[in-house]
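*Asks:* Below you'll find the structure I mean.
The values are calculated or read from the model by the stated rules, or taken from the named source; none is laboratory data. What you see is a predicted model; the values in this text were computed from it and never measured. All Cβ positions, even for glycine, are placed from backbone atoms using ideal geometry, and neighbour counts span all protein chains on display. Just so you know, the surface numbers come from the protein's heavy atoms only, side chains and all, with ligands and any DNA or RNA stripped out. Shrake-Rupley method; radii C 1.70, N 1.55, O 1.52, S 1.80 Å.
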Amino acid sequence: MKRGISQRLGFFSLFLCMLVTLFFLGAIIYFITARGVSAISWEFLTQVPKKAMTAGGVAPAILGTFYLTLGAVVFSLPLGVACAIYLCEYSPKNYVVNLIRISINNLAGVPSVVFGLFGLAVFVKFLDFGVSILSGCLTLGIMILPNIISASQEALLAVPQSYREASFALGATRWETIKRVVLPSSLSGILTGVILSIGRVAGETAPILFTAATFYMRGYPNSIFSEVMALPYHIYALMTEGTHPQQQRHIAYGCAMVLLILVLMVSTLAIIIRQKQRSKYG
Amino acid sequence: MADKIRMKLENVNFFYADTQALYEINLDIYQNKVTAIIGPSGCGKSTLIKLLNRMNELIPNARCEGNIYLDGHDIYDPKVDVVDVRRRIGMVFQKPNPFPKSIFDNVAYGLYINGVKDRHYINYKVEKSLKDATLWKEVSDRLHSSALQLSGGQQQRLCIARTLAVEPEVVLMDEPASALDPTSTAKIEELIQELKEKYTIVIVTHNMQQAARISDYTLFLMLGKMIEYDVTNKIFTNPSKKITEDYITGRFG
Ligand SMILES: Nc1ncnc2c1ncn2[C@@H]1O[C@H](COP(=O)(O)OP(=O)(O)OP(=O)(O)O)[C@@H](O)[C@H]1O
Ligand SMILES: [Mg+2]
């Protein structure tokens, strides 16, 4: 009897925690939508800003966020997966490698503005890429590298050892085993890491503040050395440096809503791909 | 013993880090015969069978002393490619471990990694291997569905087919039937009888009747030491050591 009550109490408090979480999530979505939806229109999504950013659209910022995100993933995915493969499948299991692992995990905790400063010093100034899409992509890429490495490592470690043994016993080399068995089986796990990273890259402001973003562009970027507009920075700029706060505030909320929807869309897409991958075999 | 020697172990000692798992193993494995390895749990059966195709090299800090020959060539010679050894000496594991791929791709895996591109040959070989493993009838209409949907016994025969597809000369099996029901076990035993026409087989088993039924030679191991190695018939009817008799009759272990 007593156990029954405490069990029910336990479930109830867990349920309550879940409700609170859901409430905040719902509140954010409601709040952003309520304030932003009036700004959204076909013109908003497809036009360049007009009249000192009080009218027109934010298409360059949407496109810029897309470029930056894509570039960061293209840069960090192969590098991160390769690094994880080395650490999990090749490297000897000793303290040096452990140290590397710990460092990578610590890197994930570095504040994003620090990555921004690093990007400014190295890519913008030292390598002379200037404030550009390239500098932004590299900075964002480095920022999410630890996440991609950890996610990939976890995915690789989750592949049963018996798959590797079976492959070796058939006369496969280590690389053949990785390519044909280990990587395909860990793809969905790696993908999860990428999804989470995409959400983070798309929404970060600090790393692109000094490396890629600009408040206003007349048109679209024409090379990887151009500055870009980006949604999160655009929101920040509208709210802090806008010259017509009254007309600009709802544009900022519109941007926030677009960003939210984009991230949700990417996540959903990736989850669908992952489910497909999982249900294909198994 | 007029049988032809295929593999030979000379003074083999094996260590996991600091602990010795095998002591002074001297063993001849005969062509087209089934050699069974029996002994109590933890006596080193799996360790020994893994040495035969160098799978033990995947274990960090393990060390092997002595010589192991295949057709008179030392398979641990530094000049010998381990990949080549494993292609010639195939292995079936205790737990069925098909890849999370289609049935077809599982069997064709060894051909793919050997660079075989000829579709006709691959199709032919997959069918032949599945037939040799007595699985063809059950899966011929769903070759492209997942191997993980098969039953445990079917999965194990698939793993055997996968091993046969690369045409090894010696087939090692570590308790291949221990996770299976009696029907599947009977099928695998029957299969082993057929396979020895073409292959040399080494099998680890916990099941005395199974060893007596299917093997030609039997090795009895205890605590990493060879206690007795002889023709199966002799081991099971007239063992030369008391301890062997005790083990076989189930008085311990
Ligand atoms: N990877 C390993 N590292 C260290 N010791 C090991 C390792 N694998 C096995 N051993 C030890 O080596 C000895 C022999 O193990 P092995 O697996 O060969 O026994 P086995 O005869 O196959 O037993 P079973 O019948 O239970 O499968 C055991 O004492 C075991 O604890
Ligand atoms: Mg064993």
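*Asks:* Before rounding to the nearest 500, sum -39500 (n - 2.57) across all DSSP H runs of length at least 4 in chain B and divide by the residue total; then give [θ] at 222 nm in deg cm²/dmol.
*Replies:* Mean residue ellipticity, 222 nm, calculated: -10000 deg cm²/dmol.
*Asks:* At a threshold of 8 angstrom on Cα-Cα distance, excluding pairs fewer than six apart, so keeping six or more, what relative contact order does chain B reach in percent?
*Replies:* Contact order relative to length: 27 percent.
*Asks:* Here's a follow-up. Once you keep just the Cα pairs under 8 angstrom separated by 6 or more residues, what percentage relative contact order results for region B:133-253?
*Replies:* Relative CO of region B:133-253 lands at 17 percent.
*Asks:* Compute the Cα gyration tensor for the protein assembly as shown, then decide on rounded, prolate or oblate, letting a ≥ b ≥ c be the square roots of its eigenvalues: rounded whenever a/c is under 1.5, prolate when a/b is larger than b/c in the other cases, and oblate in all that remain.
*Replies:* It is prolate, given that a/c is not under 1.5 and a/b is the larger ratio.
*Asks:* Sorted by mean Cβ packing within 10 Å, highest first, what order do the peptides A:271-277, B:198-204, B:224-230 take?
*Replies:* Ranking, from highest mean packing down: B:198-204, B:224-230, A:271-277.
*Asks:* So for chain B, taking the charge dipole from beta-carbon charges (+1 Lys/Arg, -1 Asp/Glu), which of B:85, B:97, B:210 sits furthest toward the positive end?
*Replies:* Farthest towards the positive end: B:97.
*Asks:* With a sphere of radius 14 Å drawn around the Cβ of residue A:9, what net charge do the other residues whose Cβ falls strictly inside it have (Lys, Arg +1; Asp, Glu -1)?
*Replies:* Its environment carries a net charge of +3.
*Asks:* For the Cα atoms of chain B, what angle does the longest principal axis make with the long axis of helix B:119-132, in degrees from 0 to 90, nearest 10?
*Replies:* Value to nearest ten degrees: 50.
*Asks:* Between residue A:56 and residues 5 or more places away or on another chain, which pairs have amide H atoms under 5 Å apart, with H built 1.01 Å from N, and which residues are they?
*Replies:* Amide H neighbours of residue A:56, under 5 Å, 5+ apart: A:50.
*Asks:* Roughly how tilted is helix B:182-195, in degrees to the nearest 10 and between 0 and 90, from the longest Cα axis of chain B?
*Replies:* For helix B:182-195, the angle is close to 90 degrees.
*Asks:* Calculate for chain A the 222 nm mean residue ellipticity that helices alone would give, adding -39,500 (n - 2.57) per DSSP H run of length 4 or more and normalising by residue count, nearest 500 deg cm²/dmol.
*Replies:* The helix-only estimate for chain A comes to -23500 deg cm²/dmol at 222 nm.
*Asks:* Non-local amide H neighbours of residue B:92 (under 5 Å, H modeled in plane, Pro and chain starts lacking H): which ones?
*Replies:* Hits under the 5 Å cutoff: B:172, B:173, B:174.
*Asks:* Where the centroid of each part is defined by its Cα atoms, how far is region A:95-120 from region A:177-248 in Å?
*Replies:* 20
*Asks:* Once you charge only the Cβ atoms, +1 for Lys and Arg and -1 for Asp and Glu, what is the size of the charge dipole of region A:40-281 about its Cα centre, to the nearest 20 debye?
*Replies:* 440
*Asks:* Under 21 Å Cα-Cα from residue A:125, which lysines qualify once same-chain neighbours fewer than 8 residues away are excluded?
*Replies:* Once the sequence-local lysines are set aside, nothing remains near residue A:125.
*Asks:* Moving to a separate point now. Mind checking the per residue accessible area of region A:40-281 for me, 1.4 Å probe, whole number of Å²?
*Replies:* In whole numbers, region A:40-281 has 47 Å² accessible per residue.
*Asks:* May I ask you to list the aspartates and glutamates whose Cα is less than 14 Å away from that of residue B:117, ignoring any residue fewer than eight positions away on the same chain?
*Replies:* Candidates past the 8-residue exclusion: B:105.
*Asks:* For the B and A pair, go ahead and give the buried accessible area with a 1.4 Å probe, both sides summed, in Å² to 100.
*Replies:* So the total buried area for this chain pair works out to about 1900 Å².
*Asks:* When DSSP beta bridges are limited to those with both residues in chain B, what percentage is antiparallel, rounded to the nearest 5?
*Replies:* 60
*Asks:* Let me ask another. Roughly speaking, what is the stretch gain from residue B:194 to residue B:178, that is 0.36 nm per residue apart minus the C-alpha to C-alpha distance, in nm to one decimal?
*Replies:* Gain on extension, residue B:194 to residue B:178, equals 3.8 nm.
*Asks:* Among B:163, B:237, B:185, which one moves the most in a GNM of chain B with springs linking Cα atoms closer than 10 Å?
*Replies:* B:237
*Asks:* Measure up B:128/B:196; B:45/B:95; A:93/B:50 against 19 Å on the Cα-Cα distance and list the ones that go over.
*Replies:* Beyond 19 Å: A:93/B:50.
*Asks:* Of the beta bridges DSSP finds with both residues in the protein assembly as shown, what % are antiparallel, to the nearest 5?
*Replies:* 60
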